[in-house]
1. Which ones in segment 78-101 are closer than 28 Å to TYR139 by Cα, touching a residue at least 60 places away in the same chain (Cβ under 8 Å), part of a helix (DSSP H, G or I) and not basic (Lys, Arg)?
2. Residues in segment 317-324: is at least one open to solvent by 30 Å² or more (accessible area, probe 1.4 Å), more than 23 Å from GLY145 (Cβ to Cβ), of a type outside the set (D, E, K, R) and assigned to a helix (DSSP H, G or I)?
3. So which residues in segment 142-177 are closer than 19 Å to GLN272 by Cβ, among the β-branched types (Val, Ile, Thr) and surrounded by fewer than 24 Cβ atoms within 10 Å (Cβ to Cβ), if there are any at all?
4. Taking the criterion of being within 30 Å of ILE56 (Cα to Cα), among the aromatic types (Phe, Trp, Tyr) and open to solvent by 10 Å² or more (accessible area, probe 1.4 Å), would at least one residue in segment 382-395 satisfy it?
5. Name the residue, out of LEU349, LEU399, that is assigned to a helix (DSSP H, G or I) and modelled with pLDDT of 85 or more.
6. Tell me, please, whether a residue that is in a helix (DSSP H, G or I), open to solvent by less than 10 Å² (accessible area, probe 1.4 Å), touching a Gly at 6+ places or on another chain (Cβ under 8 Å) and touching a residue at least 40 places away in the same chain (Cβ under 8 Å) can be found in segment 102-112.
7. List every residue pair whose Cβ atoms lie under 6 Å apart, where the two residues are 6 or more positions apart in sequence or sit on different chains, the first residue falls within segment 336-348 and is in contact (Cβ under 8 Å) with a residue 12 or more places away in the chain, and the second residue, located anywhere, is part of a loop (DSSP other than H, G, I, E, B).
8. Counting only residues that are of a type outside the set (S, T, N, Q) and surrounded by fewer than 20 Cβ atoms within 10 Å (Cβ to Cβ), how many does segment 190-201 have?
Amino acid sequence: MSKLATPTAAAGRRQHLGRDFSRLWSAAAISAIGDGVTIAAGPLLAAQLTDDPRLIGGVSVAFTAPFVLFGIPAGLLIDRVDIRKALVRVDLARAVLLAVLTVGILGGWGGLPLLYVCMFLLGVAEVFCRNAAQVLVPYVAPESGLSTANARIMAAQEAGTGFVGPLFGALLFSVAVALPFGVDAATFLCSALLLARMRRTRPAQPRDASGVLPQMLAGAKWLWRHHLLRSLALLSCLINLAGSAMLAVLVVHSNVVLGLSAFGYGVMLSCQAVGAVLAARIAPLLTNRLGREGALVATAALIAASEAVLATVPSPYAAGGALALFACGTVTWNVVVVVLRQTLVPRHLLGRANSVYRLIAWGGLPVGAAAGGFVAAEAGTPAVFGAGAVVMTVIAVILVRGARRQWITRAVQAQRANEAAGDGAAPTGPGSTDTGPADHPGKADR
């Protein structure tokens, strides 16, 4: 297992990460733009077909449910296959799927059932691709550049899904309802071509004779015995629950409360990119200045503030600023926790441990989306955001408590001690050290 990378003062400087990483970054950026197009157009299509917030929220439920259903099997598959080739095939499949949705809309049979099915299958593909890309990064970027590499990919993804894509999606939707989905299909074709040109990859791994179930459980057992990553996964579930509830009803809030048009909704969504791109550039430096504990506390506070603003200030400008704060917090959080996973988890278990982490963390997404729709139907969208602010405030308090006890620093030191003793592949000190938020069952990290 590799030595644990630590943030340095040079973390924010421009660093060349190689042609293969550039191709991976470009593929992520292009497909993210397409994702942003669909993120804006999908709820708009649902809102055109129904005015029931529960059915509109069902689009987010359909997309996020696979994160729970297929997380662990996807991790096992990732630990077995040639990742580059698999990503190419999945992107081609997503292009075909979106082409079918486009034809369905044009043919007049593209109603809510087809939209739900397509979003569900896109979610299945997303479960595999998000995990696989994170496993691939350490193979195409130098260890010293992991923070920078992850930050750049996240910046591209957030700019695409949070700025360029939603703007184009809302604009294209106003021109023709089917057009955004056809454009998204084209972006996946471009992504597949870029990935096919990569030379480095994580090759297919030898088959383990122990059987499928023991192999899937190996990642779960390792992660659950690791106190730090287990705690982060649990807190992530709650953060994702609050964030998913917010995003699931945002289109309703923009129309009913803020009085925005479809294009205005896209512009409002695009405000996320401002905070996301800024966070991706400064996250390594912020982590170096505040430490990992301090950076995570800051992100929880930012997300709580964004939810509170949405709940209390019925202004499009305030909503745009709140979404920028929300994206800034989530990207900074992700940079910290993704690098921790990439450096702490043994390489042969990374896909499976990653998938279990995501299963726990992303488990809050469909629950949050469904809950957001029901709460909005009964009490209005501000109540959804207010509840999210309360949840995030509780998480921030838990993180402050953990930061005072240096729960991440102590876990990292235990990991280094185990590596120095030649036991780096085993569950490490955090599994047996009482150092932080896991003291609070159910109050977990993102």
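The values are calculated or read from the model by the stated rules, or taken from the named source; none is laboratory data. All of these numbers come straight from a predicted model, not from anything done at the bench. With ideal geometry, Cβ positions are generated from the backbone for all residues, glycine too; neighbour counts draw on all protein chains shown. With ligands, DNA and RNA removed, areas are computed over all heavy atoms of the protein, side chains included. Shrake-Rupley method; radii C 1.70, N 1.55, O 1.52, S 1.80 Å.
1. Passing the criteria: ILE78, ILE83, LEU87, VAL88, ASP91, LEU92, ALA95.
2. Of segment 317-324, the ones open to solvent by 30 Å² or more (accessible area, probe 1.4 Å) are 317, 321.
Still in the list and also more than 23 Å from GLY145 (Cβ to Cβ): 317, 321.
Next, only the ones that are of a type outside the set (D, E, K, R) stay: 317, 321.
Cutting the leftovers down to assigned to a helix (DSSP H, G or I) gives us 317, 321.
Within segment 317-324 (the criterion being open to solvent by 30 Å² or more (accessible area, probe 1.4 Å), more than 23 Å from GLY145 (Cβ to Cβ), of a type outside the set (D, E, K, R) and assigned to a helix (DSSP H, G or I)), the answer is yes, since at least one residue qualifies.
3. In the first step, residues of segment 142-177 are kept if they are closer than 19 Å to GLN272 by Cβ; the result is 150-173.
Now restrict to residues that are among the β-branched types (Val, Ile, Thr): 153, 161, 164.
Selection gives VAL164 alone.
4. Taking segment 382-395 as the starting set, the residues that turn out to be within 30 Å of ILE56 (Cα to Cα) are 382-395.
Going one step further and asking which of them are among the aromatic types (Phe, Trp, Tyr), we end up with 385.
Retained after the next criterion (residues that are open to solvent by 10 Å² or more (accessible area, probe 1.4 Å)): none.
Taking every residue of segment 382-395 in turn, none turns out to be within 30 Å of ILE56 (Cα to Cα), among the aromatic types (Phe, Trp, Tyr) and open to solvent by 10 Å² or more (accessible area, probe 1.4 Å).
5. Values: LEU349 fails: modelled with pLDDT of 85 or more.
When all the criteria are applied, what remains is LEU399.
6. Taking segment 102-112 as the starting set, the residues that turn out to be in a helix (DSSP H, G or I) are 102-107, 112.
With the extra rule that they be open to solvent by less than 10 Å² (accessible area, probe 1.4 Å), the set shrinks to 104.
Still in the list and also touching a Gly at 6+ places or on another chain (Cβ under 8 Å): 104.
Adding the requirement that they be touching a residue at least 40 places away in the same chain (Cβ under 8 Å) leaves none.
No, the conditions are met nowhere in segment 102-112.
7. If the second residue must be part of a loop (DSSP other than H, G, I, E, B), the pairs left are THR343/LEU4; THR343/ALA5; PRO346/MET1; PRO346/ALA425.
8. Here is the first cut: in segment 190-201, the ones of a type outside the set (S, T, N, Q) are 190, 192-200.
If we keep only those that are surrounded by fewer than 20 Cβ atoms within 10 Å (Cβ to Cβ) as well, we get 190, 193, 196-197, 199-200.
So the count comes out to 6.
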